[in-house]
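Data block below; observations after.
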Amino acid sequence: MLITLLRPFPLSALITLSLLTACSPAEYKVIGKASDSPACHLSSSICVETPIFRRVDYEKNEMLITYDSQKPAEVADAVLKKYKLRAKRSDNLDSIKTTLITAATNGQDPYDLVKSIKAKETDVDANTSNFYTTASMTGGGSGAYPLGLTGADTIRQRTTGQGVIVGMIDTPIDINHDSFRSDIRRIDLIPQGDERNRLHGTEVAGVIISQNKRIGIAPDTRLVAISAFSTNPANPDERRSNSALVARALEQAMREGVQVLNLSFAGNADPVVDKLVQAAIQKGIVVVASAGNGGPGAQPAYPAALPGVIAVTAVDKNQSVFSRANRGDYIDLSAPGVGILTTTPRSAFQVSSGTSLATAHVTGAIALLKSLNPQFNAEALKQTATDLGLPGPDHDYGYGLINVERAVTAR
């Protein structure tokens, strides 16, 4: 579950949020004390101060230093030395003309370092390496969602996605799955790991390219699978990444010449990642992202909430919105995402749910449409969607359920 906190909060709020986030334990840091209780207003002798906490939703011993790639490396070296940081790696993000240094903080709090560097340094910028999590979960339905409801099966009689390059940034995938064809380019930014580590990516890839007609939307699409997510040591059921890895993956996707980019993960706004997503859109890449599984009260999920990104929520076979899906005016489209039969490692299958799988459905549909018409404008999907919920665009379903048959005739 994704919860965004815009400001520090007291102990009473922490207890409530701990219950809400029981499925994904969060870490918190005490940053002060509040003395605004009614008792404190009456007398200092009976005042009980309440600790104020900040959520630690970033790498605790790592931060990012960025600077204009035209500047000499010495500008960053000076900052690293001044703040007792150690460079772990340096990457050129050519698409945004930026050099990214991932630095170890040597026990210092990255949050405090970022504040200090932003306030005092002019040649570089600094950011925490923020967390992102994948957006699907096992179980939740029968796996009997008919693809005819979105028109994907009809369009597959005309094309299976030939000639289109789709990228995905996710966990590693099992490229040896029996229902995958051989035209997959796997780029590993993190180790493959065990089956659990490869689960989410294999599920998402299955919806996009599986040869099983009940599962794959565009089976003959060329897939570039970039792995940047892995098992969270603190929660084995969660797949997590950070903004440094996601930034590298986005840059790699652009270098690979992908036409459609599937981002089945969610997090908070991040200055480096957000800038790279915008660069991808400016290059003409269709970026499709998960609306998030935080529930109706969750804050907008990123990168889905960025302008130009197609934000996808999930619906079940009755076309009702997934109960765990985020809501908001940033949501563009709905797609099948509840009780979805898909692929898992070791050539197995299982039923899963979440906005991750709905996002993969839309990605596959766009691949079909671009195979028929390379100039297809994905914005047409909004105007041709089957309206759900309240008339017109709404916070639950966006413009409605993707309708591939209507979209293929859009001008």
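Read-outs throughout are calculated quantities, based only on the coordinates presented, and are distinct from any laboratory measurement. Since this is a predicted model, take the numbers as computed values, not measurements. No Cβ is skipped: glycine too gets one built from the backbone with ideal geometry, and neighbour counts run over all protein chains shown.
Summary table below
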read-out	value
Overall form of segment 133-407 per C-alpha gyration tensor (a/c, 1.5; a/b vs b/c)	rounded
Inverse of mean 1/r across different Cα pairs in segment 290-345, Kirkwood, Å	11.6
Where only C-alpha atoms are counted, convex hull volume of segment 260-399 per residue in Å³	117
With 5 Å bins from 0: P(r) over segment 58-123, alpha-carbon pairs, percent	4, 17, 31, 26, 16, 5, 0
Charge sum, other residues only, whose C-beta stays under 14 Å from Glu256's C-beta, Lys/Arg counted +1 and Asp/Glu -1	+2
Reach of Lys81 by Cα under 28 Å, taken over lysines that are not fewer than 8 positions away in the same chain	Lys29, Lys60, Lys71, Lys97, Lys115, Lys118, Lys120, Lys275
Ranked list, fewest to most other Cβ atoms within 10 Å of each Cβ, for His200, His361, His177	His177, His361, His200
Charge tally in the Cβ shell below 12 Å around Leu199, where Lys, Arg are +1 and Asp, Glu are -1, Leu199 excluded	-3
Between segment 55-109 and segment 150-198, the Cα center-to-center distance that results, in Å	33
